Amino acid sequence: ANASEPSDAVIRSVQLHPNGSLLLTAGLDKAVRLFDVDGSKNAKVQSVFFNDLPIRKACFSSDGTQVIVAGRRKHFYTYDLQGGTTERVSPLIGREEKSLESLILSPTCVHKPLLAFLGADGHVPLVSLDSRSYVGSVKMNGTARSAAFSANGLHLLTGGGDGTVYIWDLRNQRRCIERIVDEGALSVTSLATSPTGKHLSTGSDSGVVNVYDTAAPSSAERVNSLTLKDRSGLDREIKREPIRAIMNLTTSIDTLTFNSDGQMLAISSRLKRDALKLVHIPSCTVFSNWPSSKTPLHYVWCTSFSPTGGYLAVGNARGRALLYRIRAYDV
């Protein structure tokens with residue numbers, strides 16, 4: 001997809017625009033590049049260079065008008081796609097973080113979009129994208145290594161070093177309403193929720209990917225459930241059983257990405273060459289026909305589906321953004 005101007009470094013972020021016509025790539029060469037996706041030439045539209053920021057995360061805003069850019073710095077940037085202007089957002093007032101390199105953005109349905117950053121010592125600061133200001137935070141018991149918003153944007157899920165997924169009610173930020181002990185995981189390295197809200201997926205440092213049914217019985221209906229009290233008040237700790245454990249990869253899971261209708265899940269690890277699989281969620285089976293042993297994925301760092309599901313973009317360690325056509329879906 002970026003053959004007209006490959007990156008000079010590992011591609012840390014790749015994303016297809018909400019309208020499906022633009023592809024974003026970003027990495028440690030400090031540049032965000034935008035390409036016009038036509039499935040053929042994929043011409044470069046523009047590139048934006050950030051002189052003081054080796055980029056570790058970049059993404060489109062939910063309305064597609066901005067690009068949020070972050071790295072191992074106390075500040076981050078926003079870039080206005082229409083006006084062509086760049087804004088530097090200063091260190092968070094009210095929460096001191098040495099690095100804002102890991103972030104996630106709330107889904108499109110949220111009226112006031114939020115950015116959640118993975119901070120130090122289990123803190124996850126929340127920043128309003130509209131006001132560019134710190135609006136609160138949640139605090140885990142372990143280190144924060146992964147996060148995801150629920151499909152409706154009302155809850156934030158975080159996971160990390162204690163092998164537990166915390167579910168936070170954003171209408172009451174200090175309230176942890178549920179803690180799920182991820183089966184077989186010493187550390188939760190990645191999280192993803194399906195756009196339909198029906199499934200939750202967790203990736204672990206051992207390479208196991210668990211898929212959970214979010215409509216499964218609550219802890220009150222389980223024999224092995226127990227109620228604990230911590231700093232956030234009463235919550236429920238659950239040893240929930242996944243509907244399927246995917247064990248096709250053997251190294252730490254870095255990226256989990258659902259497609260737009262929640263039927264497919266891309267799982268990948270950057271620690272082993274060609275370590276990417278596609279999972280068919282209704283049957284919880286891994287597609288055996290792709291990728292094959294001859295698919296030149298290299299070391300995969302990031303993935304993104306187009307809004308319609310017709311394209312899958314893969315960013316790798318060679319600075320290439322690979323674009324694959326999924327013919328079961330329209331472009």
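The values are calculated or read from the model by the stated rules, or taken from the named source; none is laboratory data. Keep in mind it's a predicted model, so treat the numbers as computed, not measured. Positions of Cβ are generated from backbone atoms using ideal geometry, with glycine treated the same way; all protein chains shown enter the neighbour counts. When the accessible area is computed, the model is the full protein with side chains, heavy atoms only, and any ligands, DNA or RNA have been set aside. Shrake-Rupley method; radii C 1.70, N 1.55, O 1.52, S 1.80 Å.
Between Ile177 and Asn289, the FRET efficiency from the beta-carbon distance, with R0 = 30 Å, is close to 0.15. A cut-off of 5 Å between modelled amide H atoms, ignoring neighbours fewer than 5 places along the same chain, links Met264 with Asn259, Ile281. Calculation over all alpha carbon pairs of the chain in 20 angstrom steps from 0 returns a P(r) of 32, 60, 7 percent. Simple spin-label estimate for Val110 and Glu5 gives 3.0 nm between the two label positions (7 Å along the Cα-to-Cβ direction from each Cα). Extension gain, Thr86 to Asp63: 0.36 nm times the residue separation minus the Cα-Cα distance gives 6.6 nm.
By accessible area, using a 1.4 Å probe on protein heavy atoms only, the range 234-323 has 49% of its surface on carbon and sulfur. Computed with the Debye formula from one identical point scatterer per Cα of the range 1-141, without solvent, the log10 of I(q)/I(0) at q = 0.09, 0.11, 0.14 Å⁻¹ comes to -0.27, -0.40, -0.64.
Give, to the nearest whole percent, the P(r) tail of the range 244-331 beyond 20 angstrom, counting all Cα pairs. Of all Cα-Cα distances in the range 244-331, 27 percent exceed 20 Å. Computed extension gain for Asp52 through Leu154, at 0.36 nm per residue and net of the alpha carbon distance, reaches 33.3 nm.
Per residue, the accessible area of the chain comes to 44 Å² when a 1.4 Å probe rolls over the protein heavy atoms.
Inter-label distance, Arg325 to Asp121: 5.4 nm, where each label sits 7 Å from its Cα along the C-beta direction. Over the range 74-229, Cα pairs under 8 Å with separation of 6+ residues give a relative contact order of 12 percent.
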